Amino acid sequence: MYNILHISADFPDAYSERKTPAVCNLIEGAPEFTHTVFSINRLAGLQGTRIIKRADNVITLVYKAPPFGVLLDTFLRRLADHILEDIQGSNMRPDLIHAHKLTIEGLVAQRLSQALGCPYVCTIRGNTDQKYIRAKPGMRRRWRQVAQQAAWLFPVTPWVDRYVSKTLLPDTGQRSLLPTVTRINHNFPPRETSRRLVTAFHLAGWKMKGMPGLFTALRQLRGTAHEIGLDILGGGSPEHTQALQREIEKHGLGDLVTLRGAIPHDQMAQELNGYSGFVLPTLRETFGMVYIEALFSGIPILYSMDRGVDGFFDEQNVGVRCDPTSVASIAKGIEEMLDNVDPMKHEIAMLQQTGGFDRFRQHKVCRDYADRAARIIENGSEQTRLDVSHTRPSHITGTKI
């Protein structure tokens, strides 16, 4: 059984159980491999790395480094050396390394790959990777090298793929989309509903989820033929709930917008099915599993350009893209969605029936990933393009916190 070593800063672990389950879902869907996860967590500081727990092939590790990516390469090199020391001490023999972001974990994976003589692959995630590439142009040469030496690249969405092609590396065919894994098991066919809209998110992120712009757009639509109510699904602390309620009142939308609170995940699809459409003009979003959940729930989506699921549905009439920084664009998108609810729901129903959304199901995503990983491992150096002439880093610098 092949062993895949995962480097991820977004894996639920002993340091934080509230991280996204995306990487965990991917691993669970590929049981034909042995998976070992180094779950990394940055603390503010200048020196020190330690493992705080080992459980079920998950090694939770914290390391100190400055904020804002200061001396990023230097501190991640130290982290990689500490991980290497642990791997060598445990006689682990990975066949493939998977870095779950290019700009952070990719730097670690590249160094481990050179030391261990095995290939690595990189997921490219929109939010963090794009932020670092924009903010640190002086690092682009290093990240380009990481991308070039990877055996395969896995951008999670089409817009991320376009961004990397523009800024780092043209598409040479050594990459394929790897949508974020969801655990959706069945469809909810579209049905006739009231003209009420819905959105869903953890209330702590209401600003980044674009609520101020959405509320302003709803206020502008008040009194028009498209005046519409909005339900917000999602939990949060009392402070977050109160802050969002104040924002609703500030926009004079107390009669149109309702906070419904948290909904159990196994009930979410059925809840979404009762609305005209899902709206989330988020300012930042790597993927946005909730958009896919909405489509499986039978309702069209309003989503942000160059964020989230943008690029997946260009040829399908299942939603409307908007500029989340433009109130006019959001309002126009809502109007377009409401004018076309029936044809959009008809196309969603057709795609549900014909398997048009199956590419987002866990079994499909994980099957494609497992097939690709196995081919890379079996083909070895002929497919990896790795230069392993230096078998290991010149020194080990990992220190204890």
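For the chain, what % of the accessible area comes from carbon and sulfur atoms, probe 1.4 Å?
Numbers: 8440 of 17450 Å².
Within the chain, the accessible surface is 48 percent carbon and sulfur.
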For the pairs Lys207/Lys345; Lys131/Lys250; Lys207/Lys250; Lys19/Lys136, flag any whose C-alpha to C-alpha distance is greater than 20 Å. Lys207/Lys345; Lys131/Lys250; Lys19/Lys136
For the range 30-58 and the range 243-302, write down the distance between their C-alpha centroids in whole Å. 34
Can you tell which of Trp152, Thr167, Pro137 lies farthest toward the positive end of the dipole of the range 127-171, using +1 and -1 charges on the Cβ of basic and acidic side chains (Lys, Arg; Asp, Glu)? Pro137
Cα gyration tensor of the range 189-307, axes a ≥ b ≥ c as square roots of the eigenvalues: rounded (a/c below 1.5), prolate (a/b > b/c) or oblate? rounded
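Rounded to two decimal places and with Rh computed the Kirkwood way over Cα pairs, what is Rg over Rh for the range 1-78?
Values: Rg = 13.5 Å, Rh = 13.4 Å.
We get a ratio of 1.01 for the range 1-78.
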Taking only the Cα positions of the range 153-239, the convex hull volume per residue in Å³ is 213
Note the direction-averaged projected area, equal to a quarter of the hull surface, for the Cα convex hull of the range 332-384, in nm². 6.1
Gyration tensor (Cα) of the range 77-180, equivalent ellipsoid semi-axes in angstrom: 24, 15, 11
Please compute the length gained on full extension between Asp368 and Gln316, using 0.36 nm multiplied by the number of residues separating them and subtracting their Cα-Cα distance. 16.4 nm
In the range 212-274, what is the volume of the convex hull around the alpha carbon atoms, normalised per residue and reported in Å³? 88
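What is the range 61-136 by shape, rounded, prolate or oblate, if you read a ≥ b ≥ c off the alpha carbon gyration tensor as root eigenvalues and call it rounded for a/c under 1.5, prolate for a/b larger than b/c, and oblate otherwise? Provide the component values of the computation, followed by the final result.
Working: a/c = 2.59, a/b = 1.49, b/c = 1.74.
Oblate, since a/c reaches 1.5 and b/c is not below a/b.
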State the volume of the convex hull built on the alpha-carbon positions of the chain, expressed per residue in Å³ and rounded to an integer. 145
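DSSP loop (so not H, G, I, E, B), at most 16 other Cβ within 10 Å: list which trypsin sites (Lys or Arg not before Pro) in the range 186-249 pass both filters.
Details: sites: Arg191, Arg195, Arg196, Lys207, Lys209, Arg219, Arg222, Arg246; in loops: Arg191, Arg195, Arg196, Lys207, Lys209, Arg222.
Hits after loop and neighbour filter: Arg191, Arg195, Arg196, Lys207, Arg222.
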Within the chain, which DSSP H helices have Cα atoms that stretch 30 Å or more along the helix axis and a mean Kyte-Doolittle hydropathy of at least 0.0? none
State whether the range 191-235 is rounded, prolate or oblate according to the following rule on the C-alpha gyration tensor (a ≥ b ≥ c being the square roots of its eigenvalues): a/c under 1.5 gives rounded; otherwise a/b larger than b/c gives prolate, and the remaining case gives oblate. oblate
What do you get for trypsin sites (Lys or Arg not before Pro) in the range 1-102 restricted to DSSP loop and a cutoff of at most 14 other Cβ within 10 Å of the site's Cβ? Arg18
Heavy-atom surface of the chain, accessible at 1.4 Å and reported per residue (Å²): 44
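Would you mind getting me the FRET efficiency between Asp339 and His240? Use the beta-carbon distance for r and R0 = 25 Å, nearest 0.05. Can you show the working numbers first?
Values: r = 33 Å, r/R0 = 1.34.
With a Förster radius of 25 Å, E is 0.15.
Direction-averaged shadow area of the convex hull around the Cα atoms of the range 246-331, nm²?
Details: hull surface 25.8 nm².
Here the figure is 6.5 nm², rounded to one decimal.
The values are calculated or read from the model by the stated rules, or taken from the named source; none is laboratory data. Because the structure is a prediction, the values reported are computed rather than measured. Reconstructed Cβ throughout: ideal geometry from the backbone, glycine too, with neighbour counts over all protein chains shown. The accessibility values were calculated without ligands, DNA or RNA, using every heavy atom of the protein model including side chains. Shrake-Rupley method; radii C 1.70, N 1.55, O 1.52, S 1.80 Å.
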